[in-house]
Amino acid sequence: MNRPLLFISCLVSAFLAEGAVVNVPGGKSHPVLTAAYGELRSLPANDTVNVRLAKLDNLGKEGYELSRKGHTYTLSAPGAEGVLYGAFHIARRGVADGVTVRESPRFRTRILNHWDNLDGTVERGYAGRSLWKWDELPGTVSPRYKEYARRIASAGINATVLNNVNASPLILSAPYLEKVKALADVFRPYGIKVYLSVNFASPMALDSLPTADPLDPAVRKWWKRKADEIYRLIPDFGGFLVKANSEGQPGPMDFGRTHADGANMLARALKPHGGEVMWRAFVYSPIDADRAKQAYMEFQPLDGKFEPNVTVQIKNGPVDFQPREPYSPLFGAMPSTPEMVEFQITQEYLGHANHLAFLAPMWEEFFSYVDPSGLTAVAGVANIGDDPVMTGHPLADANLWAFGRLAWNPALSSEEIAREWIDNNLVNPDTPDSIRRDLVEMLTDSREAVVDYMMPLGLHHIFAFGHHYGPEPWCDVEGARPDWLPRYYHKADSTGLGFDRTPSGSNAVEQYPEPLRSQLADIDSCPEELLLWFHHAPWDKRMKSGRTLWEELCHRYARGVKKTGEFQTRWNAARPWIDAAVWEDVNDRLVTQARDAQWWKDACLLYFSQFSGQTVTEEALPLMHTLDELEKVILGIDNYTNPPASLLNSKR
Ligand code: BDP
């Protein structure tokens with residue numbers, strides 16, 4: 001299929017033949033400057049760009065000042081990276097005539113986390129196989145690596161973790177490090193640092209050490225040597241990302257040590273080289289405590305015990321990347337420890353690459369609770385694969401863009417980001433404003449629509465087992481951990497629905513600071529979109545709309561389904577202004593999304609009606625399925641990205 005290259009690449013290719021006049025200062029040669037000048041030269045021929053390298057007050061090495069008079073730009077920056085980001089700013093036509101903008105990123109590190117395995121698969125990836133062709137590297141360096149680097153750099157991203165947090169120890173073996181070096185060499189001119197996920201038991205797996213105990217001198221020495229080996233190959237290597245003692249991964253607790261002991265050992269090995277450790281707080285064990293409380297319980301007491309070059313990486317919510325979660329209470333609870341947030345760009349829980357779910361509103365919501373100044377970095381689990389569009393769903397490219405833009409400036413609004421992406425990547429220049437507005441609204445409404453038809457009012461994790469695509473609130477798997485089953489989360493019974501996390505229940509609310517704690521704990525002041533996260537609410541509870549809880553639930557599911565119909569209408573109206581292949585591709589996915597929304601609505605309302613004792617309201621009709629039929633749907637791990645319609649007939 002002939003799809004346009006997204007982000008700035010489409011602008012660049014359109015004008016490659018001619019090229020702008022670029023006046024650059026003499027003397028300096030730097031790979032990032034070379035790349036930046038290349039970007040500038042590929043601007044239209046009637047543009048002139050005057051570049052100045054100069055120290056500017058309050059602008060770090062990635063910052064820049066940019067002004068425009070007609071077709072003449074003046075771009076000043078203290079460092080090469082600033083020139084590169086300024087070049088991308090010009091390419092996206094982001095500065096008005098006569099205006100001077102000063103930009104610098106809010107977060108030092110803006111990092112993608114690839115969950116790519118060495119066998120070419122991608123955990124929770126829906127855009128083909130891994131972009132990294134490990135078998136071919138380092139001999140063959142695919143041109144797509146450079147395409148990737150330009151693309152993410154144009155969104156402001158400056159770091160990347162190449163491999164899955166469920167890490168194979170092999171990534172640290174000498175042959176793989178050569179492959180990693182080849183990628184780092186391609187990314188360097190775009191200001192992108194490479195990091196690796198490491199398996200905590202690597203010394204045992206790779207070199208048969210009898211232990212991986214972080215206090216064991218031989219283990220410490222092993223990591224020190226490994227760090228030295230890496231930095232010999234990749235002098236600007238970023239550091240390690242670690243998932244330890246979580247979902248079966250090894251970690252310091254296997255040896256009676258703490259997360260801090262483990263992280264500090266790695267931090268000391270990296271420190272002489274300027275590297276850092278990102279240590280994940282995504283932990284939960286099958287203990288009695290509410291899963292939503294566990295990361296806080298395990299990590300908060302370790303505050304102040306980490307080396308300065310350790311950052312604790314915390315998922316935005318306390319459970320796991322659900323369509324809506326409250327923010328994780330660990331944010332702000334470790335004042336003496338650097339903290340960073342981990343968002344998930346890949347749509348593990350929001351319809352994979354089949355559903356439109358523009359995630360900027362979700363991340364904007366997070367920043368409305370969590371002060372960015374308390375964070376040192378932002379990570380996003382990548383939605384990238386070797387698919388021709390790289391992100392599977394062509395509109396999911398907007399999520400990659402939004403991640404980079406918000407990591408640069410968390411004060412940007414979802415609307416601004418959506419508009420920027422649509423104008424630069426989706427529609428042709430003659431597109432009427434009304435169409436552009438409709439498309440912006442379609443994007444900015446889409447996440448809430450997904451919440452509505454999947455898990456409104458604070459419901460969470462009622463997915464089918466394992467693949468996290470379709471609904472299965474009834475799911476029961478013999479022998480499965482209770483906290484992997486939907487009933488653990490929705491707790492539907494004849495009295496009501498939702499998880500009581502107030503003092504009369506698990507008391508997870510106590511982990512939040514006042515006055516938020518009291519607001520959340522009170523069923524009447526808790527924001528309705530989080531009601532069933534924090535409360536087991538009675539079916540007849542009166543909601544702000546005047547509806548009962550049951551009626552409101554029906555209303556929200558119906559609203560979500562209705563929205564997916566509206567998306568199709570808007571997409572139809574925009575057809576003349578969009579590349580035909582992109583239009584067709586998205587159209588097919590919107591059809592699937594609408595069908596899935598109906599599936600979710602029918603499944604959840606029919607299932608919960610057994611507990612509410614009430615029938616589905618008029619507004620949420622028609623029902624296209626019966627519960628009996630839906631309970632027989634099995635989505636296999638191999639076909640979970642396929643439309644489930646074909647599966648509706650399959651029997652258990
Ligand atoms: C969950 C995913 C699982 C990841 C895990 C993690 O289902 O595949 O390995 O998170 O973040 O969301 O470590």
> Does segment 273-288 hold any residues that are within 16 Å of the ligand (Cβ to nearest atom), open to solvent by 10 Å² or more (accessible area, probe 1.4 Å) and either modelled with pLDDT of 95 or more or closer than 20 Å to R110 by Cα (or both), and which are they?
Replying inline: F282
> When only residues in segment 256-290 that are within 21 Å of the chain's Cα centre (by Cα) and not in a strand (DSSP E or B) count, which is farthest from G238 (Cα to Cα)?
Replying inline: Y284
>> Taking the condition of being open to solvent by 10 Å² or more (accessible area, probe 1.4 Å) and within 15 Å of the ligand (Cβ to nearest atom), how many residues in segment 151-167 meet it?
In response: 1
> Does segment 179-203 hold any residues that are touching a residue at least 40 places away in the same chain (Cβ under 8 Å), farther than 17 Å from L131 by Cα and assigned to a helix (DSSP H, G or I), and which are they?
Replying inline: R188, P189, Y190
> Would you call K315 basic (K, R), under 25 Å from W484 (Cα atoms), within 16 Å of the ligand (Cβ to nearest atom) and touching a residue at least 24 places away in the same chain (Cβ under 8 Å)?
Replying inline: yes
> Out of curiosity, is K179 within 23 Å of N166 (Cα to Cα) and open to solvent by 10 Å² or more (accessible area, probe 1.4 Å)?
Replying inline: yes
>> So, E247, is that one open to solvent by 30 Å² or more (accessible area, probe 1.4 Å), acidic (D, E) and more than 30 Å from T592 (Cα to Cα) or not?
In response: yes
>> Of the residues I90, I111, only one is more than 15 Å from the ligand (Cβ to nearest atom), modelled with pLDDT of 95 or more and of a type in the set (A, V, I, L, M, F, W, C); which?
In response: I90
>> Please count how many residues of segment 482-501 are more than 30 Å from R542 (Cα to Cα) and away from the ligand (no atom under 14 Å from the Cβ).
In response: 1
>> With the structure loaded, tell me whether E365 is open to solvent by 10 Å² or more (accessible area, probe 1.4 Å), more than 16 Å from the ligand (Cβ to nearest atom) and charged (D, E, K, R) or whether it fails that test.
In response: yes
> Tell me, which residue of segment 580-609 that is open to solvent by 30 Å² or more (accessible area, probe 1.4 Å) and touching a Leu at 6+ places or on another chain (Cβ under 8 Å) is farthest from Q568 (Cα to Cα)?
Replying inline: L606
> Which of the residues spanning segment 114-138 are within 16 Å of the ligand (Cβ to nearest atom), among the charged types (D, E, K, R) and either under 21 Å from R405 (Cα atoms) or open to solvent by 10 Å² or more (accessible area, probe 1.4 Å) (or both)?
Replying inline: D119, E123, R124
> Out of all the residues in segment 77-113, which are surrounded by fewer than 18 Cβ atoms within 10 Å (Cβ to Cβ), within 24 Å of N425 (Cβ to Cβ) and among the β-branched types (V, I, T)?
Replying inline: V99, V101
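Here is a yes/no grid of residues against (1) at negative phi; (2) within 15 Å of the ligand (Cβ to nearest atom); (3) within 17 Å of the chain's Cα centre (by Cα):
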| residue | (1), (2), (3) |
| --- | --- |
| A292 | yes, yes, no |
| P308 | yes, no, no |
| T311 | yes, no, no |
| E325 | yes, yes, yes |
| S328 | yes, yes, yes |
| G332 | no, no, no |
>> Six or more apart or on different chains, Cβ atoms under 7 Å: show the pairs whose first residue is in segment 35-50 and under 21 Å from I192 (Cα atoms) and whose second is in a strand (DSSP E or B) and open to solvent by less than 20 Å² (accessible area, probe 1.4 Å).
In response: L40/V49
>> From the list V51, V101, exactly one residue is farther than 23 Å from A418 by Cα and outside any loop (DSSP other than H, G, I, E, B). Which is it?
In response: V51
>> Within segment 139-150, does at least one residue satisfy the condition of being aromatic (F, W, Y), touching a Ser or Thr at 6+ places or on another chain (Cβ under 9 Å) and open to solvent by less than 30 Å² (accessible area, probe 1.4 Å)?
In response: yes
> Can L356 be described as open to solvent by less than 10 Å² (accessible area, probe 1.4 Å), in a loop (DSSP other than H, G, I, E, B), hydrophobic (A, V, I, L, M, F, W, C) and under 24 Å from D588 (Cβ atoms)?
Replying inline: yes
>> Just to verify a result, which residue in segment 448-481, among those that are at positive phi and more than 16 Å from the ligand (Cβ to nearest atom), is surrounded by the fewest Cβ atoms within 10 Å (Cβ to Cβ)?
In response: G479
> Has segment 433-442 got at least one residue that is outside any helix (DSSP H, G or I) and either surrounded by 19 or more Cβ atoms within 10 Å (Cβ to Cβ) or at positive phi (or both)?
Replying inline: no
> What do you reckon, is N383 in contact with a Phe, Trp or Tyr (Cβ under 8 Å, 6 or more places away or on another chain), open to solvent by 10 Å² or more (accessible area, probe 1.4 Å) and part of a loop (DSSP other than H, G, I, E, B)?
Replying inline: yes
> Within segment 338-349, how many residues turn out to be outside any strand (DSSP E or B) and either within 12 Å of the ligand (Cβ to nearest atom) or among the polar types (S, T, N, Q) (or both)?
Replying inline: 4
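The values are calculated or read from the model by the stated rules, or taken from the named source; none is laboratory data. Please read all numbers here as calculations on a predicted model, not as lab measurements. Note: ideal-geometry Cβ built from the backbone for every residue, glycine included; neighbour counts use all protein chains shown. Ligands, DNA and RNA are stripped out before the accessible areas are found, and what is left, the full protein with its side chains, is counted by its heavy atoms. Shrake-Rupley method; radii C 1.70, N 1.55, O 1.52, S 1.80 Å.
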